[in-house]
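Q: Would you mind keeping the following structure in view while I ask a few things?
The values are calculated or read from the model by the stated rules, or taken from the named source; none is laboratory data. Remember, it's a predicted structure, so these values are computed and weren't measured experimentally. Every residue, glycine as well, gets a Cβ built from its backbone with ideal geometry; the counts of neighbours run over all protein chains shown. For accessibility, only protein heavy atoms count, side chains too; no ligands or nucleic acids. Shrake-Rupley method; radii C 1.70, N 1.55, O 1.52, S 1.80 Å.
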Amino acid sequence: QVQLQESGPGLVKTSQTLSLTCTVSGGSITNDYLFWSWIRQPPGKGLEWIGYITFTGSTYYSPSLNGRTSISRDTSKNQFTLQLSSVTPEDAAVYFCGTYHPGNGGLEFGSWGQGTQVTVSS
């Protein structure tokens with residue numbers, strides 16, 4: 001039901017800030033009790049959770065990325081945005097936006113976008 005679409009630059013230079021936007025349809029980032037999330041998959045590696053923003057606007061970030069991560073939202077556009085500062089080549093990955101919801105064993109993944117590949121250049 002919920003559909004998500006990532007957008008943003010596919011190439012960012014080292015030390016600059018990556019900004020990606022997730023546009024949500026079929027759901028509301030303010031009304032649906034979900035964790036509106038960003039995850040990424042580096043080449044040859046598994047999925048890495050970045051952080052989320054809740055329907056109330058509360059945010060939480062992965063401890064490993066906390067100092068460089070900011071997730072915000074534009075409720076009028078039903079969008080939420082990832083800002084990742086001071087990027088390095090290690091940040092190159094396919095970035096996904098998606099939803100998590102509480103489950104018996106913790107957060108469970110719901111819907112996700114198609115992903116957008118981000119390359120980091122020197």
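Q: Within the chain, what whole-number % of the accessible surface is contributed by carbon and sulfur, with the 1.4 Å probe and all protein chains included in the calculation?
A: 47
Q: Also: Sketch the reach of a paramagnetic label on residue 60 as a point 7 Å from Cα along Cα-to-Cβ, and name the residues of region 69-104 whose backbone nitrogen lies under 13 Å away.
A: Answer for region 69-104: 100-103.
Q: Turning to a different aspect of this structure: What is the magnitude of the charge dipole of region 1-116 about its Cα centre, with +1 placed on the Cβ of each Lys and Arg, -1 on the Cβ of each Asp and Glu, and no other charges, expressed in debye to the nearest 20?
A: I would put it at about 180 debye.
Q: Follow-up. Sequence-distant or interchain residues sharing an amide H contact under 5 Å with residue 50, placed H: which?
A: Those lying under 5 Å, H to H, from residue 50 are 38, 39, 40.
Q: Oh, and also: Can you give the accessible area per residue of the chain, in Å², using a 1.4 Å probe?
A: I get 52 Å² per residue for the chain.
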